[in-house]
């Protein structure tokens with residue numbers, strides 16, 4: 001159930017991000033998709049379109065259906081999901097990414113942070 005909610009959340013946030021990046025309104029998307037604005041609004045709230053509509057939506061937005069559902073490589077989608085996460089989750093995720101860096105890159109990042117603190 002949690003995985004389903006995560007997919008819906010990624011889809012919804014990703015859709016919003018992609019429309020904003022492309023300057024497309026809900027009304028224009030609805031017209032291009034041949035659906036009502038209420039349908040697009042449901043997509044914004046986490047309802048995921050069925051196969052044919054999902055495929056058509058991915059073509060309109062120039063991303064794969066998988067990218068719409070997973071948020072990977074979809075031009076800012078992953079960042080949109082992270083931005084919506086509570087601060088503690090974002091901080092932990094960032095800390096993990098920093099820990100995974102080679103020592104030289106971590107030192108460089110540490111020096112950059114010190115410069116901003118000064």
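The values are calculated or read from the model by the stated rules, or taken from the named source; none is laboratory data. This is a predicted model, so every value here is computed, not measured. When we count neighbours, we look across all protein chains shown, and the Cβ atoms used for this are built from the backbone with ideal geometry, even at glycine.
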(message) Being at pLDDT 85 or above and loosely packed, with under 15 Cβ neighbours inside 10 Å narrows it down to one residue among 59, 53; which is it?
(response) 59
(message) Would you confirm, using the coordinates I've provided, whether residue 42 is at pLDDT 85 or above, assigned to a helix (DSSP H, G or I), within 21 Å of the chain's Cα centre (by Cα) and surrounded by fewer than 16 Cβ atoms within 10 Å (Cβ to Cβ)?
(response) yes
(message) Scan segment 7-17 and tell me whether some residue there is without any contact (Cβ under 8 Å) to a residue 12 or more places away in the chain and either part of a helix (DSSP H, G or I) or outside the structural domain of residue 62 (by TED's automatic domain parsing) (or both).
(response) no
(message) The conditions are (1) exposed (fewer than 11 other Cβ atoms within 10 Å of the Cβ); (2) modelled with pLDDT under 80, and residue 113 fails exactly one of them. Which is it?
(response) (2)
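For the structure I just gave you, tell me whether residue 94 is within 16 Å of residue 17 (Cα to Cα) and either surrounded by 15 or more Cβ atoms within 10 Å (Cβ to Cβ) or modelled with pLDDT under 85 (or both).
no
Keeping to segment 29-38, report how many residues are assigned to a helix (DSSP H, G or I) and surrounded by fewer than 17 Cβ atoms within 10 Å (Cβ to Cβ). Let's see the steps before the verdict.
Initially, segment 29-38 is screened for residues assigned to a helix (DSSP H, G or I), giving 29-33, 37-38.
From the residues that got through so far, the ones that are surrounded by fewer than 17 Cβ atoms within 10 Å (Cβ to Cβ) too are 31-32, 37-38.
Total satisfying the criteria: 4.
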(request) Assess whether residue 64 counts as being modelled with pLDDT of 90 or more, under 17 Å from the mean Cα position of the chain (by Cα) and surrounded by 13 or more Cβ atoms within 10 Å (Cβ to Cβ). (result) no
(request) State all residues of segment 45-63 that are in a loop (DSSP other than H, G, I, E, B) and under 25 Å from residue 5 (Cβ atoms); if no residue qualifies, say none. (result) 45, 46, 47, 48, 49, 50, 63
(request) Could you please find all residues in segment 18-28 being surrounded by 17 or more Cβ atoms within 10 Å (Cβ to Cβ) and closer than 18 Å to residue 69 by Cα? (result) 18, 19
